Each structure stands twice: as C-alpha cells, then as structure tokens.
Amino acid sequence: MPYLSLTSWSLHRNLGPLRWTRWDETARTTYTETQDQPELLTLLELPATLADKGFTSVEVCHFHFPDTSTSYLQTLKQSFQQAGIRFYTLLIEYGDISSADTGRREADLAWIQGWIDIAANAGAERVRVIAGDAEPTDQEALERSANGLRELGQYAAARGVKVVTENFHALTSEADNCLALLERCGEAIGFTSDFGNFKGAGKYKALARTIPHSESIHAKAQTDAGGIPDEDEFIRCMDIVKKAGYEGPITLVYDGPGDMWEGIERVRKLAAPYFTVK
C-alpha cells in the first residue's frame with residue numbers, strides 16, 4: 001500500500017531561511033544566496049511533528065539544512081529515528097550534470113558528491129539529483145547526464161545511499177528522456193515522478209509511462225489564487241498512480257498561498273482514499 005509522506009518544500013515558508021546554491025560564472029565556483037524566511041519550525045523538530053500528524057516519511061530539500069556539521073547531522077538522524085519517520089530522500093536542488101561546460105559539470109558533480117556524504121551522515125535513504133538543464137532534444141547532453149548519474153550512483157551506493165532522478169528541469173521534461181536515462185543507468189539509479197512537472201496535452205500519458213518505474217511520487221496539487229486544489233486534475237493523476245500498482249511514498253506537495261499546514265491538509269484529503277483502497 002502507498003504511504004503518506006511530505007516534502008519540506010510544502011513548509012518552505014515555515015522552516016527558516018532558504019539557502020540557495022548558485023553558480024558564479026566569473027569565479028567558476030558555487031556560492032550560497034540566503035533568502036530570509038520565518039522559522040516557525042526547526043528541521044530538528046520536523047520529524048516529531050510529522051509523526052504526530054500521521055506521516056510515515058519525509059523528503060528534505062538541501063537548502064533547508066541550517067548546518068552540515070557531523071554533530072548536527074547525527075542529531076538530525078536521531079530525530080528521525082526517535083520519531084519513527086523515514087528520511088526517504090534528500091532533495092538536491094542544484095546542479096547541471098548535463099552541461100557542455102566541462103569545468104562547470106565537474107564542479108557540480110563534486111558538489112553533489114559532498115551532499116551525498118551529508119545524506120549518508122544524516123541517515124537519508126536516497127538523494128534526488130537533477131538530470132540537467134539542457135534542452136530535451138540535446139542527445140549529447142542526455143549522454144553526459146547518464147554518465148554523471150552512473151558515477152554518482154556508484155559513489156552513493158558505496159555510502160549506503162541510492163541516487164534517484166526526477167522529471168524535473170528541462171532535460172527530463174519529456175518521458176522519453178526519463179526512460180532513456182533509466183535504461184542507460186540500470187540499477188545505479190531510481191526515479192521520482194512529480195505530478196506538476198510534465199506539461200501540456202501529453203502530461204497524463206507521460207506520467208503513465210514514468211510512474212511504473214518510480215520509487216517516489218511527488219503528489220503536487222495545482223492550486224488557484226486562493227490555494228484551493230484543482231480536484232479533478234489531482235484525482236486524475238492519483239488514478240494513474242493507482243492503476244500502476246504503486247506502493248511507495250506519496251509525498252504531498254503544496255506550494256500555494258496562505259497557511260501551509262492548511263494547504264497540506266487540503267491536498268491530503270484528496271489523496272486519502274488512495275491510502276485505504278488498493
């Protein structure tokens with residue numbers, strides 16, 4: 001049976017400053033750009049809070065980590081263990097491993113490896129790596145991405161972590177490329193399907209192709225200006241999940257206005273029948 005999960009992005013206005021990683025073309029290195037946000041809940045408090053609300057697992061964006069010291073990561077790992085919450089995926093939100101710029105690509109691969117080390121120390125089961133920002137028609141970029149994912153997959157496996165990628169950013173905006181990466185990488189990587197990332201008339205056919213290969217579902221609701229989900233659209237996506245016989249985490253994604261917990265609850269109510277009826 002599928003089980004209930006949440007992404008920390010659904011609470012991004014509550015978890016304190018966002019620490020975005022950027023590329024400095026002049027200095028040829030990464031830097032951190034901090035976006036102020038109120039800290040209504042600390043990352044260390046998040047697992048127990050989710051357990052109280054009936055969640056089973058969580059996926060955490062890398063920019064929500066206030067500290068990556070060994071002592072902090074061990075404390076975070078203990079907070080998950082004590083709450084009985086699975087740290088399912090550390091979502092790495094930066095990196096272009098498809099880049100034709102060799103220096104940029106190698107720097108990003110090394111930076112991602114550093115976050116794989118962080119994931120291992122924090123007890124994360126997986127890391128999500130973005131396949132790339134290249135255009136989906138660029139077959140050379142697809143090959144560079146596959147090579148990078150295989151390399152990162154091997155690096156992560158040696159540390160007890162699995163690499164997954166996602167239909168996220170330009171290169172994997174088409175199902176053909178998603179499936180091609182999985183074929184080229186084999187067991188070195190897994191996949192996450194996000195309801196909101198395929199666009200256009202072919203969205204539902206694309207989801208139907210990638211969901212059977214997925215070990216995480218980002219159940220992202222499309223909301224109006226008031227934060228009310230498009231129920232028909234969301235249910236259509238969930239029906240695809242059900243038809244595929246998917247049994248992993250359903251990670252709720254809310255990115256609308258207003259109180260984030262209230263928004264999460266609206267999405268949860270739509271998803272609830274799929275946790276009780278196989």
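Please go through segment 13-52 and give me each residue that is part of a loop (DSSP other than H, G, I, E, B), open to solvent by less than 80 Å² (accessible area, probe 1.4 Å) and basic (Lys, Arg), ordered by number.
If the condition is that a residue be part of a loop (DSSP other than H, G, I, E, B), open to solvent by less than 80 Å² (accessible area, probe 1.4 Å) and basic (Lys, Arg), then ARG13 is the only one that fits.
Quick check on this structure: which one of ASN147, ASN167 is of a type outside the set (Val, Ile, Thr) and without any contact (Cβ under 8 Å) to a residue 40 or more places away in the chain?
Every option except ASN147 fails the conditions.
Do we have any residue at all in segment 239-259 that's touching a residue at least 24 places away in the same chain (Cβ under 8 Å), open to solvent by 60 Å² or more (accessible area, probe 1.4 Å), assigned to a loop (DSSP other than H, G, I, E, B) and touching an Asp or Glu at 6+ places or on another chain (Cβ under 7 Å)?
No, the conditions are met nowhere in segment 239-259.
If you scan segment 97-128, which residues turn out to be open to solvent by 10 Å² or more (accessible area, probe 1.4 Å), in contact (Cβ under 8 Å) with a residue 40 or more places away in the chain and more than 20 Å from SER216 (Cα to Cα)?
Residues satisfying the conditions are SER99, ALA100, GLY103, ARG104, ARG105, ALA107, LEU109, TRP111, GLN113, ASP117, ILE118, ASN121.
How many of the residues in segment 157-215 are within 15 Å of VAL127 (Cα to Cα) and surrounded by fewer than 16 Cβ atoms within 10 Å (Cβ to Cβ)?
Of the residues in that region, 5 qualify.
Would you tally the residues in segment 28-49 being under 21 Å from ILE92 (Cβ atoms) and among the aliphatic types (A, V, I, L, M)?
Qualifying residue count for the region: 3.
The values are calculated or read from the model by the stated rules, or taken from the named source; none is laboratory data. Only a predicted model underlies this, so the values are computations on that prediction, with no experimental measurement involved. Note that we place each Cβ from the backbone using ideal geometry, even for glycine, and neighbour counts take in every protein chain shown. Heavy atoms of the whole protein, side chains included, go into the accessibility calculation; ligands, DNA and RNA do not. Shrake-Rupley method; radii C 1.70, N 1.55, O 1.52, S 1.80 Å.
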